[in-house]
Amino acid sequence: MLDLIQLPLFEQFKDANEYYSTAFHESIHSTMKESRCNRAEERKDKLVAFSSDEYSKEELVAELGSASLMNIIGIETRKSFRNSSAYIQSWLSVLKNDVKFIVSASSEAEKAVNYILNIEA
């Protein structure tokens, strides 16, 4: 089965970096599947409602991965960095700045980035 990532039109973004940041964020989410990085298995039988710990952790994974990809391909700007930082901080505050979540999310984001870039870990 082919999975598609749906995004607003390119023209709807203020600049190209915002488009790519969003596209990368959604691409990282797409690695959750069992056949990819298998983060879905960790969430099986858990509440994944908006602002739950599980939802928040996945948002952290996606944004950390997006920020990494922006940096790796060289299109990160001060503005995109600030936007990502603010988004990450907002989810960390939901998680009450629990260090275990940022460490775990960073590890999962790295796996997702490596998957997207086809890098063997």
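The values are calculated or read from the model by the stated rules, or taken from the named source; none is laboratory data. Bear in mind that the values here come from a model prediction, so they are computed numbers and not experimental data. Neighbour counts are summed over all protein chains in view; Cβ atoms, including those assigned to glycine, are modelled from backbone coordinates with ideal geometry.
Against the conditions (1) surrounded by 19 or more Cβ atoms within 10 Å (Cβ to Cβ); (2) at pLDDT 90 or above, where does K57 fall short? Just the number, please.
Failing condition for K57: (2).
What single numbered condition from (1) in contact (Cβ under 8 Å) with a residue 60 or more places away in the chain; (2) surrounded by fewer than 16 Cβ atoms within 10 Å (Cβ to Cβ) fails to hold for R39?
If we test R39 against (1) in contact (Cβ under 8 Å) with a residue 60 or more places away in the chain; (2) surrounded by fewer than 16 Cβ atoms within 10 Å (Cβ to Cβ), just (2) comes out false.
Within the range 90-119, which residues are within 19 Å of F24 (Cα to Cα) and in a loop (DSSP other than H, G, I, E, B)?
Those that are within 19 Å of F24 (Cα to Cα) and in a loop (DSSP other than H, G, I, E, B): L117, N118, I119.
Every residue, every condition in (1) at pLDDT 90 or above; (2) surrounded by 18 or more Cβ atoms within 10 Å (Cβ to Cβ); (3) over 24 Å from L7 (Cα atoms), yes or no:
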| site | (1), (2), (3) |
| --- | --- |
| S27 | yes, yes, no |
| S30 | yes, no, no |
| G74 | yes, no, no |
| S107 | yes, no, yes |
| A121 | no, no, yes |
